[in-house]
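Visitor: Encoded as structure tokens, here's the structure I'll be asking about.
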Amino acid sequence: QVQLVESGGGLVQAGGSLRLSCTASEPISTYMGWFRQRPGKGREFVAEISWNGVTKDYVDSVKGRFSISRDNAQNTIDLQMNSLKSEDTAVYYCGAREGLGTYVHWGRGTQVTVSS
């Protein structure tokens, strides 16, 4: 079973930046991504990246502010978050797809709180 561990969350003022990291317990040759769950809401897609880092996709609300990257040598993906807004406050989860299917592997999440 693949294990994913997130780090880098914390408290930041609106307009600030944070960088989240996710480390996998083994090499993952599929899409990996970031999701978030805001207070009182369901888990939502934020960004994902293909195994070779070429294809990236973002939810509209973070385009131009967030950037996803990947280092397969370290089994990590990162999420650089800039120009943070209060509505970015959420628990952020790292996920990995099973082959070409859905996301089935998840980390435990890391809290990001943006104060206005």
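The values are calculated or read from the model by the stated rules, or taken from the named source; none is laboratory data. Just so we're clear, the structure is a prediction, and the values are computed from it rather than from any experiment. Methodologically, a virtual Cβ is constructed for each residue, glycine included, from the backbone with ideal geometry; neighbour enumeration extends over all protein chains shown. These accessible areas exclude ligands, DNA and RNA; they are computed on the full protein's heavy atoms, side chains included. Shrake-Rupley method; radii C 1.70, N 1.55, O 1.52, S 1.80 Å.
Visitor: Taking the condition of a type outside the set (D, E, K, R), at pLDDT below 95 and over 25 Å from GLN1 (Cα atoms), does SER61 pass?
Guide: So SER61 does not fit the description; no.
Visitor: Considering only region 49-76, how many residues are farther than 21 Å from ARG38 by Cβ and aliphatic (A, V, I, L, M)?
Guide: Matching residues across region 49-76 total 3.
Visitor: Just to verify a result, which residue in region 4-35, among those that are free of Cβ contacts under 8 Å to residues at least 60 places away in the same chain and touching a strand residue (DSSP E or B) at 6+ places or on another chain (Cβ under 8 Å), is surrounded by the most Cβ atoms within 10 Å (Cβ to Cβ)?
Guide: Ranking the qualifying residues of region 4-35, first place goes to SER21.
Visitor: While we're on this one: Among the candidates SER67, SER21, SER29, SER61, single out the residue that is in a helix (DSSP H, G or I) and either within 21 Å of SER116 (Cβ to Cβ) or of a type outside the set (Asp, Glu) (or both).
Guide: Step by step, each of SER67, SER21, SER29, SER61 is checked, and only SER61 is in a helix (DSSP H, G or I) and either within 21 Å of SER116 (Cβ to Cβ) or of a type outside the set (Asp, Glu) (or both).
Visitor: On the basis of being modelled with pLDDT of 95 or more and touching a Ser or Thr at 6+ places or on another chain (Cβ under 7 Å), does ARG43 make the cut?
Guide: It is false that ARG43 is modelled with pLDDT of 95 or more and touching a Ser or Thr at 6+ places or on another chain (Cβ under 7 Å).
Visitor: Select from region 79-116 the residues that are open to solvent by 30 Å² or more (accessible area, probe 1.4 Å), touching a residue at least 24 places away in the same chain (Cβ under 8 Å) and not in a loop (DSSP other than H, G, I, E, B) and list them in ascending order.
Guide: Passing the criteria: GLN80, SER86, GLU87, VAL91, TYR93, ARG97, TYR103, TRP106, GLN111, THR113, SER115.
Visitor: Separate question: Return the residue satisfying two criteria in turn: it lies in region 42-56 and is open to solvent by less than 70 Å² (accessible area, probe 1.4 Å) and outside any loop (DSSP other than H, G, I, E, B), and of such residues it is nearest to ILE28 (Cα to Cα).
Guide: So, considering only residues that are open to solvent by less than 70 Å² (accessible area, probe 1.4 Å) and outside any loop (DSSP other than H, G, I, E, B), the one nearest to ILE28 (Cα to Cα) is ILE49.
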